[in-house]
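Down below is the structure, laid out as structure tokens.
The values are calculated or read from the model by the stated rules, or taken from the named source; none is laboratory data. Not measured: the values here are computed from a predicted model. A quick note on method: Cβ atoms are made from the backbone with ideal geometry, for glycine too, and the neighbour counts reach across all protein chains shown.
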């Protein structure tokens, strides 16, 4: 989940088209910090870990409970209007949203399951508790699918072909074609394809993040989604992992450590992150 959280943090200062649509920017500043994207990424991860092996109803109940819990812990994280109302309401009904919130919070589903079919199924559940519009569900499934395929060694071409075929997203545009007219839109259909394209064009993890930020728009969420896919494909520099941990409160770091315990035997890079994430220290990047 480091990729998603770093994307959120780094993209946040440029949200609402506040950037210059350039890849040349200072990555970590005093303004670099988490938003609702990170809070709900943590909430979903905790719920899915708590319900591994359980049925759909148990998973959905845990998702609702966890989202409400973390939303109350961090009530000023910048939630969208409809989701904020859902958090404050006594009811737990979905509200037919196709907002990009379903895609930005789903990254853990791409790591916790053994098959693409199960990954897609659980990603659908994470969306349906709030974002039960077909486009909201599609955004979550597409993002989790890309993460799963990347971590299992699929090429970018294979990921692109699958996403286009299964979800109907247009991934034919380049970032240079997207960038000039792209603006702040908080829908899955206007965020997920752009995030996947930023991942496709990036040459390493850092370049994916810079490319996503350069597109503008709903920058924290777009970069969160792009970063979540890039983490499964590229190694994240250890300094960035440290920066991520340095900017998170203890309760979120604990969920991250637990998550890495669940997935950390998959490869040496993740095991290294596990060792690193629990080391104390100060910020080491400018």
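Of note:
- The selection criterion, being in a helix (DSSP H, G or I), touching a residue at least 40 places away in the same chain (Cβ under 8 Å) and within 17 Å of residue 208 (Cβ to Cβ), holds for residue 5.
- If you check 285, 274 for being exposed (fewer than 14 other Cβ atoms within 10 Å of the Cβ), modelled with pLDDT under 95 and either closer than 27 Å to residue 97 by Cα or touching a helix residue (DSSP H, G or I) at 6+ places or on another chain (Cβ under 6 Å) (or both), only one passes: 285.
- A search for C-beta distances below 7 Å between a residue of the range 52-78 that is in contact (Cβ under 8 Å) with a residue 12 or more places away in the chain and on the phi > 0 side of the Ramachandran plot and any residue that is surrounded by 14 or more Cβ atoms within 10 Å (Cβ to Cβ) and assigned to a helix (DSSP H, G or I), counting only pairs 6+ apart in sequence or on different chains, returns 78/36.
Residue-wise test of (1) without any contact (Cβ under 8 Å) to a residue 60 or more places away in the chain; (2) in contact with a helix residue (DSSP H, G or I) (Cβ under 8 Å, 6 or more places away or on another chain).
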position: 164; (1), (2): yes, no
position: 173; (1), (2): yes, yes
position: 176; (1), (2): yes, no
position: 189; (1), (2): no, yes
position: 195; (1), (2): no, yes
position: 202; (1), (2): yes, yes
position: 214; (1), (2): no, yes
position: 217; (1), (2): no, yes
position: 232; (1), (2): no, yes
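- Among (1) under 19 Å from the mean Cα position of the chain (by Cα); (2) touching a residue at least 40 places away in the same chain (Cβ under 8 Å), the one test that residue 118 misses: (2)
- Some residue of the range 103-111 being touching a strand residue (DSSP E or B) at 6+ places or on another chain (Cβ under 7 Å), part of a loop (DSSP other than H, G, I, E, B) and under 24 Å from residue 230 (Cβ atoms): no
- Across the range 121-142, the qualifying residues are those that are in contact with a strand residue (DSSP E or B) (Cβ under 9 Å, 6 or more places away or on another chain) and assigned to a loop (DSSP other than H, G, I, E, B), and the one among them that is surrounded by the most Cβ atoms within 10 Å (Cβ to Cβ) is 131.
- If you filter the range 31-59 down to residues that are farther than 18 Å from residue 83 by Cβ and assigned to a loop (DSSP other than H, G, I, E, B), you find that the one that is nearest to the chain's Cα centre (by Cα) is 33.
- In the range 143-160, the residues that are surrounded by fewer than 22 Cβ atoms within 10 Å (Cβ to Cβ) form Cβ pairs under 6 Å with partners that are part of a loop (DSSP other than H, G, I, E, B), at six or more places apart or across chains, as follows: 160/171.
- Selection status of residue 153, out of contact with any helix residue (DSSP H, G or I) (no Cβ under 9 Å at 6 or more places or on another chain), more than 21 Å from residue 78 (Cβ to Cβ) and not in a helix (DSSP H, G or I): yes
- Pairs where the first residue, in the range 237-262, is more than 22 Å from residue 73 (Cβ to Cβ) and the second is part of a helix (DSSP H, G or I) and at pLDDT 95 or above, C-beta under 6 Å, 6+ apart: 240/6; 241/2
- Filtering the range 83-103 to residues that are more than 19 Å from the chain's Cα centre (by Cα) and touching a residue at least 24 places away in the same chain (Cβ under 8 Å) leaves 86, 92, 94, 95, 96.
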